[in-house]
Every structure is written in structure tokens, then in C-alpha cells.
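Everything on this sheet refers to the single structure shown next.
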Amino acid sequence: QVQLAESGGGSVRTGGSLRLSCAVSGGIDSQMCLTWFRQTPGKEREGVAATLFGAGRLYYAESVKDRFTISPDRAKNTVYLQMNNLKPEDTAMYFCAIRDHCKGIWARSTDYTYWGQGTQVTVSS
């Protein structure tokens, strides 16, 4: 049984940085896909970044490319999302989720079975 737990959210000013963590427990294959999503009230969940649980393939939304970095640490069963140069529009609840592969439309939230409870990121101007 796979369980996900996010941490690392908080409040920062524009231009600040945060590092989110997604701790994974239970059985997971290195070829499975872990994706960070974000959501604000009343809006659809937006795919932010994705990676194979083993390193090698990375995917980013255009809105965060060159600012965010997703990195799996297989030894620690953790996937990080380093968030630099944060902007107010990055404010959201951030979730991590997994599915069996990263092929196709990786950011489609309905394709993911396992979800964490989320961690709040707030960026003030």
C-alpha cells in the first residue's frame, strides 16, 4: 500500500525559495511516475512537475520551468520540489501523486491513484 506525505510548505515573499518534500512509503517501482500538482480554491488541479521515482526523466509545466526543480532521492524514498524565485501566482496547495508511468499526458490528475494531503504555499508581494 502506497502512502504519500508532503511537507515543507510555508509563507514567503516574492523572490523567495521553498523546498517541498514528498515522502513515499509502501511498495513503489522505480519506473512509476511521481507528480507535483497545485490547486487554489475553485480551480482545477494543475500539474507542476513530474519525475520517474528513479532519476532520469523530468517534466515541467511551462509556468515553472527554470524556477522549479523536481528531484527524486530513491535511497530516502523522497521526491523534492525546489521552488526558487517564487511569485504570488505560485500560491496554492501543493500535492504529490503517483501513477504507473510518466508517458502521455502526465499532468492529467484523474490518471493518478495515490495522493498526499497537501502542503500550503503562500507567496506575498
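Which of Gly56, Gly15, Gly104 moves the most in a Gaussian network model of the chain with Cα springs under 10 Å? In the Gaussian network model the winner is Gly104.
When Thr14, Thr51 are compared by accessible area of protein heavy atoms, the largest-first order is Thr14, Thr51, using a 1.4 Å probe. For region 78-125, applying the loop criterion from DSSP together with a ceiling of 16 other beta carbons within 10 Å to the trypsin sites (Lys or Arg not before Pro) yields Lys103, Arg108.
Counting other Cβ atoms within 10 Å, keep those with at most 16, restrict to DSSP loop, and tell me which trypsin sites (Lys or Arg not before Pro) in region 1-45 are left.
Numbers: sites: Arg13, Arg19, Arg38, Lys43, Arg45; in loops: Lys43, Arg45.
The qualifying sites are Lys43.
Please report, in debye to the nearest 20, how large the charge dipole of the chain is about its Cα centre when each Lys and Arg carries +1 at its beta carbon and each Asp and Glu carries -1 there. It works out to roughly 140 debye. Distance between the 7 Å Cα→Cβ label points at Ser109 and Lys65: 2.3 nm. Our summary gives region 1-123 a relative contact order of 35 percent, counting only alpha carbon pairs under 8 angstrom and 6 or more residues apart. Taking other residues whose beta carbon is less than 14 angstrom from the beta carbon of Ser109, and scoring Lys, Arg as +1 and Asp, Glu as -1, yields +2. Run through the DSSP bridge list for the chain and note the antiparallel percent, rounded to the nearest 5. Around 90 percent antiparallel, to the nearest 5. Between Ser125 and Arg19, residue separation times 0.36 nm minus the direct Cα-Cα distance comes to 36.2 nm. Exposed loop sites are taken as GluC sites (Glu not before Pro) in a DSSP loop (any state but H, G, I, E or B) with at most 16 other beta carbon atoms within 10 Å; the longest stretch of the chain without one runs 63-125. Gain on full extension, evaluated as 0.36 nm per residue between Gln117 and His101 minus their Cα-Cα distance, stands at 3.6 nm. The mean accessible area for residues of the chain, using a 1.4 Å probe and ignoring ligands and nucleic acids, is 52 Å² per residue.
The values are calculated or read from the model by the stated rules, or taken from the named source; none is laboratory data. The model shown is predicted, which means the values in this text are computed figures rather than measured ones. Here the Cβ is made from the backbone with ideal geometry for all residues, glycine too, and neighbour counts use every protein chain on show. Note: areas computed on protein heavy atoms with side chains; ligands, DNA, RNA excluded. Shrake-Rupley method; radii C 1.70, N 1.55, O 1.52, S 1.80 Å.
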